[in-house]
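These notes are about the structure you will find just below.
The values are calculated or read from the model by the stated rules, or taken from the named source; none is laboratory data. If you're wondering where the values come from, they're calculated on a predicted model, not measured in any experiment. Neighbour counts run over all protein chains shown; Cβ positions are idealised from the backbone, glycine included.
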Amino acid sequence: GPGWVGFDYDAGFGCPVRIANDAIMQALGSYDGGRMLFIGLGTGVGSALIVERVVVPLELGELRVGDRSISEMLGRSGLDEAGKKEWRKAVFGILPPLQKAFHADYVVLGGGNSKHLGKTLPPAVRIGNNLTAFRGGWRLWGIDEMPKHHAPHGPKRLISIHDDWRLL
């Protein structure tokens, strides 16, 4: 609500704070360079564009296609109403114009409902994993790599710092 606008989170918590939504976190974790469009398929539709390590938050779920929003079509209610086969067609049908409009080199589909898309995907489209949001959290703080597993004598150190991530 309006009470949080302008709130000094760093001072309030006594430490640095960064805030990002789940779509941005998973997009950051899924990014492999170039221009990536991320679309999260869950209760609604989350989205973000990353261009050369610059994060652009999007609200593609609010766009209307005919008399419905993209979230209504591709979110959980759209999946439930259409069934998996028709829902997949709707998801794959909306990707080419979005990819073209944003000049995206590739698209990552994430969120809990991406598991219903099957294994056959359009070119330059891949399924993400919700766990990449953890990598996104590290990247939000400028840490580009993170420990991937624990060695018998403690965590393997794979941390490198990059300060060139930007959020618009």
Original post:
Between a first residue in region 41-69 that is more than 20 Å from ILE19 (Cβ to Cβ) and a second residue that is of a type in the set (Lys, Arg) and in a strand (DSSP E or B), which pairs have beta carbons less than 8 Å apart while being 6 or more apart in sequence or on different chains?
Top reply: VAL51/ARG35; GLU52/ARG35
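Among the helices (runs of 4 or more DSSP H) confined wholly to region 1-97, which include 1 or more residues that are under 21 Å from HIS116 (Cβ atoms)? Give the steps one after another, and end with the answer.
Working: elements: 9-13, 22-30, 70-74, 76-82.
Of the helices (runs of 4 or more DSSP H) lying wholly inside region 1-97, those with at least 1 residues that are under 21 Å from HIS116 (Cβ atoms) span 22-30, 70-74, 76-82.
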**OP:** Within region 102-126, track down each residue that is under 16 Å from GLY46 (Cβ atoms) and in a loop (DSSP other than H, G, I, E, B).
**Re:** PHE102, ALA104, GLY111
**OP:** Return only the number of the condition from (1) in contact with a strand residue (DSSP E or B) (Cβ under 8 Å, 6 or more places away or on another chain); (2) closer than 17 Å to LEU95 by Cβ that VAL65 does not satisfy.
**Re:** (1)
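Condition check ((1) touching a helix residue (DSSP H, G or I) at 6+ places or on another chain (Cβ under 6 Å); (2) at pLDDT 95 or above; (3) β-branched (Val, Ile, Thr); (4) more than 23 Å from ILE24 (Cβ to Cβ)) across all residues:
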| site | (1), (2), (3), (4) |
| --- | --- |
| ASP80 | no, yes, no, yes |
| LYS85 | no, yes, no, yes |
| ALA90 | yes, yes, no, yes |
| PRO96 | no, yes, no, yes |
| GLN99 | no, yes, no, no |
| GLY110 | yes, yes, no, no |
| LYS119 | no, no, no, yes |
| ARG126 | no, yes, no, no |
Subject >> All positions within region 38-51 that are over 8 Å from the mean Cα position of the chain (by Cα) and within 18 Å of ARG88 (Cα to Cα) >> reply: LEU41, GLY42, THR43, GLY44, VAL45
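Filter region 1-33 down to the residues that are under 30 Å from VAL125 (Cα atoms) and either more than 15 Å from the chain's Cα centre (by Cα) or loosely packed, with under 10 Cβ neighbours inside 10 Å (or both) and list them by number.
If the condition is that a residue be under 30 Å from VAL125 (Cα atoms) and either more than 15 Å from the chain's Cα centre (by Cα) or loosely packed, with under 10 Cβ neighbours inside 10 Å (or both), then ARG18, ILE19 are the ones that fit.
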Subject >> Selection status of GLU52, at pLDDT below 95 and either loosely packed, with under 13 Cβ neighbours inside 10 Å or in contact with a strand residue (DSSP E or B) (Cβ under 7 Å, 6 or more places away or on another chain) (or both) >> reply: yes
**OP:** Return the pairs, sorted by first residue and then second, in which the second residue is hydrophobic (A, V, I, L, M, F, W, C) and part of a loop (DSSP other than H, G, I, E, B), the first residue lies in region 104-130 and is more than 13 Å from ALA48 (Cα to Cα) and in contact (Cβ under 8 Å) with a residue 12 or more places away in the chain, the beta carbons are less than 8 Å apart, and the residues are 6+ apart or on different chains.
**Re:** ASP105/ALA124; ALA124/ALA104; ILE127/LEU121
